[in-house]
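The values are calculated or read from the model by the stated rules, or taken from the named source; none is laboratory data. Because the structure is a prediction, the values reported are computed rather than measured. All Cβ positions, glycine included, derive from the backbone under ideal geometry; neighbour counts span all protein chains shown.
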């Protein structure tokens, strides 16, 4: 059944979410006046959204700082025009909610880790090595102390 459903996430950094989207070839729109709409044309306001064709995936900032994912997931499951998203949904047994979370988790985690390492002075003197799988996705980050 088509309706807008909220999904709790652990995402909290909109910049890292934008980097994750870019890594996946998706666009994260940010700004005032953004909405996501269901089949019945009911809309909800969002702080950011990822257009996926007829439907979009939205994110609403919560009081605890996390981003709640909202969308008409039935619409994404049936009408998404992005092949990578369709593949993720299919791999999640047809669940658009699980598919989108699974798709975004890894690149978001990598972006958040890189941001923390760059920001935190205790990691000075280290360099980061990435290990990627056949699809070019980062699967391991390793910090190595620089030796001079």
- [ ] Starting from the stretch 21-47, keep only residues that are at positive phi and touching a residue at least 40 places away in the same chain (Cβ under 8 Å), then list their pairs with residues that are outside any loop (DSSP other than H, G, I, E, B) and surrounded by fewer than 17 Cβ atoms within 10 Å (Cβ to Cβ) whose Cβ atoms are within a distance under 8 Å, requiring at least 6 positions of separation or different chains.
- [x] 25/84
- [ ] Test each condition in (1) under 30 Å from residue 136 (Cα atoms); (2) buried (at least 17 other Cβ atoms within 10 Å of the Cβ); (3) over 16 Å from the mean Cα position of the chain (by Cα) for residue 37 and report the one that comes out false.
- [x] (1)
Open item on the list: Please go through (1) in contact with a helix residue (DSSP H, G or I) (Cβ under 8 Å, 6 or more places away or on another chain); (2) over 13 Å from residue 21 (Cβ atoms); (3) assigned to a helix (DSSP H, G or I) for residue 94 and return the number of the only condition it doesn't satisfy.
Closed with: (3)
TODO: May I ask you to say which residue of 88, 118, 112 is touching a residue at least 24 places away in the same chain (Cβ under 8 Å) and assigned to a helix (DSSP H, G or I)?
DONE: 112
Open item on the list: Just checking: which of the strands (runs of 3 or more DSSP E) contained wholly in the stretch 9-82 hold 1 or more residues that are closer than 17 Å to residue 112 by Cβ?
Closed with: 48-51, 56-61, 67-71
Task: Filtered residues of the stretch 18-31 (kept if at pLDDT 95 or above and out of contact with any helix residue (DSSP H, G or I) (no Cβ under 7 Å at 6 or more places or on another chain)) - done: 18, 21, 22, 26, 29
